[in-house]
Amino acid sequence: MIASDMASVTSLPSDILLHIAQVLNVPARSLHAVIELLDEGGTVPFIARYRKEATGNLDEVQIRNIEERLGYFRELVARRESILASIGEQGKLTDELKMRIQATLDKSELEDLYLPYRPKRRTKATIAREKGLEPLAQYLWMQDLREMPLTEFAATFIDAEKSVLSVEDALEGARHIVAEMISEDATIRKALRHVMYEEGVILCRKAMDAVDEQKKFKMYYEHSEPVKTIPSHRMLAIRRGESENVLYFLIEVDQPRVLALLRTRVLRREGDWTPQLLLAIDDSWKRLLSASIQGELRFELKTRSDADAIDVFRDNLSNLLLAAPAGPISVLGIDPGQRTGCKIAIVDETGKFLAHDVIYLHTGKTDAATQKLSTLLASHNVRAIAIGNGTASRETDAFVRDFLHENKLKSIFRVMVSESGASVYSASGVARQEFPDLDLTVRGAISIARRLQDPLSELVKVDPKSIGVGQYQHDVDQRKLQQSLEATIESCVNRVGVDVNTSSWTLLRYVAGITERTALNIVSYRDQNGRFRSRAQIKEVPGVGAKTFEQAAGFLRIRDGEQPLDATAVHPESYPVVEQIAQSIGAPVQEIIAKPQLLEGVDRSLLSAGTFTLNDILEELRKPGRDPRSSFVAPSFHEGVRELSDVEANMVLEGVVTNVTKFGAFVDIGVHQDGLVHISEISNRFIKDPSEALRAGQIVKVKVLSCDLKSKRIALSIKALLLNLDPAPKSRERKQQAATQPPADFLSVLSTKWNVSSVRK
């Protein structure tokens, strides 16, 4: 496809489209197809899953990158047109300037080019221009040889009425104009930004009279680090300290190096103007450029750190949302408490609330609690007990463990569930809408029970920023954070698929193409007309037009409906292809789903579908309605370690990764205080990022390095366990085996079943 065709469709110049294709390393034809589909109202999940032939099989990440770059450059083009119009109205738009503006692909450079023409407040330079000193400044700037000496030429600008009383007054005013010209030169600003980024050093100090009782920022009281290599988490920590008035920081660069650079850019030949230009250069750096460039670089560092932090949050959230579900089993949820008791709630296989109660375990009288628990378990055929991991959770877990053991209830398992964000959900409008007559604590217990059944369905009800898997989440750009998290939730929901007959509107709203209003309409229609019998019936819901149905249908599931394909990820538009497959095999669709081995005899040449689409259809028919999430595994905390005081160095414990950051991972070992596995203690091989080896929700084995009760800090190690593994073969057979297998590393250790109970869906 030629560039002009691309530009006509996308309303972006061809040079920008080619730039996007090169930067993202995607074919021009695929780029065009994605942009066209997005402009037509296509959603990223739909395009990635059901338009592979058009996009050349680009994945969701690539398509989201295109969407992001498309937004950036459309904003740039709009700003560019505005700038050209503004400079044109001033009568200062030359052909050369217009070409430079149209050629730039960077917003910062675009603003640099506009800087000299932007309306500005009254400056020393504008005052000098009002005094008629512009020609003198131009003489200095152009460095043209004249027969008249500089002092004589400057004397011609003396004017008492304009307060230019001497040659020095004239030269001073001209230097102010030149200093501003230097500071507004786009090439100079770009060069200085580069030098300050490559060679600058961040100097961080404790603010005078600062109060830091917990010594949170102690390591930054006297800290310095190169700008270009400072990790995002340290930059964010320094900014946090600055916002709390504990720290201050600045970016230092070698001043002689900067001044030398400016001189090479400004001074072209020696003359009587040289001393004046040197003074102007020095003034421009100290008065105008230093603070300005430093401010731009501070903003760039924040933008970079924000992006890294948002990526960490997004990855952690994705892993948490895609955590293995225990499945459709009845669950008793417990929200532990001491003085007010433990709130209990029971939900059935579909998550429907059945009953609630309160038991008191921490008063020394547990007979009543035992009786209540026995009655509830027997009455509702409970298969699992989910216990929130907050205050008094280990004591509650111990009671439940003993209760199940004494009553020989081996068919019921117990598991600790993260209750992060449960209190936020309990007080939210969504919770009030679901359970208007229940207390907040009971709503929390219901949420805990449902999180065990299906983390995805329950966590979408909570503001993701309250789930506790972010890194300095309140310090980053909130708009970008929200957009990224929304996209992450949308991706996870559509990857798993949604049962349209059982899902809440809070889950349905994240299905591709479905808005919050449409989700509410679907639930309302379902309540009034009963369960949906087919995907086609969804078109009867108010607000579901042809486009919405096209985008959403493939991600909506209808179990036991009129059309067996409605329970799969096969899109309705591809049903005719499945019928062709059925005819070529000589078996009905339902039989193919029941016996996927029949697909081995399919003649692809007889089917009217592209290669990518056909591969997806056949894969789905082999495993219809498959859940991409892994099987559920419950962690097993050490029975003798319940409080921070129980933790001792060299203990080996099992835990759950709760948060992965750029500097390490936090692990819940069951003592109400997460321990930190620093990046240097994660693996016995080099890793650049903890996310290469760990993910939120992962069960790991850790060794305690130290435990500080005062600061409540636990240092953990995974590498220490790897180093303790004995790789030496004890026999000839083991030697041969060791020679053909890679050495034990982090991933192989994680794959080992560390004495955990597995409950499969």
Test for ASP348: is it farther than 19 Å from ILE412 by Cα, among the acidic types (Asp, Glu) and in the same structural domain as PHE403 (by TED's automatic domain parsing):
no
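Hey, among THR488, THR502, THR518, THR506, which residue is more than 23 Å from ARG629 (Cα to Cα), β-branched (Val, Ile, Thr) and in contact (Cβ under 8 Å) with a residue 12 or more places away in the chain? Break it down into steps so the answer makes sense when it comes.
Values: THR488 fails: more than 23 Å from ARG629 (Cα to Cα); THR502 fails: more than 23 Å from ARG629 (Cα to Cα); THR506 fails: more than 23 Å from ARG629 (Cα to Cα).
None of the other options fit; the residue is THR518.
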Every residue from the stretch 437-491 that is in a helix (DSSP H, G or I), closer than 30 Å to ARG64 by Cα and among the β-branched types (Val, Ile, Thr):
THR488, ILE489
All but one of (1) touching a helix residue (DSSP H, G or I) at 6+ places or on another chain (Cβ under 8 Å); (2) surrounded by fewer than 22 Cβ atoms within 10 Å (Cβ to Cβ) hold for ALA422; state the number of the condition that does not hold.
(2)
Every residue from the stretch 73-91 that is assigned to a helix (DSSP H, G or I) and touching a residue at least 12 places away in the same chain (Cβ under 8 Å)
PHE73, ARG74, GLU75, LEU76, VAL77, ARG79, ARG80, ILE83, LEU84, SER86, ILE87
Is it fair to say TYR197 is surrounded by fewer than 16 Cβ atoms within 10 Å (Cβ to Cβ), within 30 Å of LYS120 (Cβ to Cβ), under 30 Å from the mean Cα position of the chain (by Cα) and hydroxyl-bearing (Ser, Thr, Tyr)?
no
Quick one: ALA398 ticks every box in (1) closer than 28 Å to ALA696 by Cβ; (2) in contact (Cβ under 8 Å) with a residue 60 or more places away in the chain; (3) crowded, with 18+ Cβ neighbours inside 10 Å bar one, so which box is it?
(3)
On the basis of being in the same structural domain as VAL347 (by TED's automatic domain parsing), β-branched (Val, Ile, Thr) and either surrounded by 19 or more Cβ atoms within 10 Å (Cβ to Cβ) or more than 31 Å from the chain's Cα centre (by Cα) (or both), does THR568 make the cut?
no
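Mind checking whether some residue in the stretch 542-549 is under 26 Å from PRO325 (Cβ atoms) and either surrounded by fewer than 21 Cβ atoms within 10 Å (Cβ to Cβ) or of a type in the set (A, V, I, L, M, F, W, C) (or both)?
If we filter the stretch 542-549 for residues that are under 26 Å from PRO325 (Cβ atoms), which is where we start, we get none.
For the stretch 542-549, residues under 26 Å from PRO325 (Cβ atoms) and either surrounded by fewer than 21 Cβ atoms within 10 Å (Cβ to Cβ) or of a type in the set (A, V, I, L, M, F, W, C) (or both): absent.
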Can you pull out the residues in the stretch 124-146 that are surrounded by 15 or more Cβ atoms within 10 Å (Cβ to Cβ) and not in a helix (DSSP H, G or I)?
LYS131, LEU133, GLN143
Can we say ARG443 is within 29 Å of GLY640 (Cβ to Cβ), touching a strand residue (DSSP E or B) at 6+ places or on another chain (Cβ under 9 Å), buried (at least 19 other Cβ atoms within 10 Å of the Cβ) and of a type outside the set (S, T, N, Q)?
no
Suppose we filter GLY327, GLY341, GLY333 for residues that are on the phi > 0 side of the Ramachandran plot and in contact with a strand residue (DSSP E or B) (Cβ under 9 Å, 6 or more places away or on another chain); which single one remains?
GLY341
Among the candidates ASP5, ASP15, residue that is within 29 Å of LYS547 (Cα to Cα), modelled with pLDDT under 95 and among the acidic types (Asp, Glu)
ASP5
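The values are calculated or read from the model by the stated rules, or taken from the named source; none is laboratory data. In this text, all values refer to a predicted model and were calculated from it rather than measured experimentally. In this analysis, Cβ positions are derived from the backbone assuming ideal geometry, glycine residues included, and neighbour counts consider all displayed protein chains.
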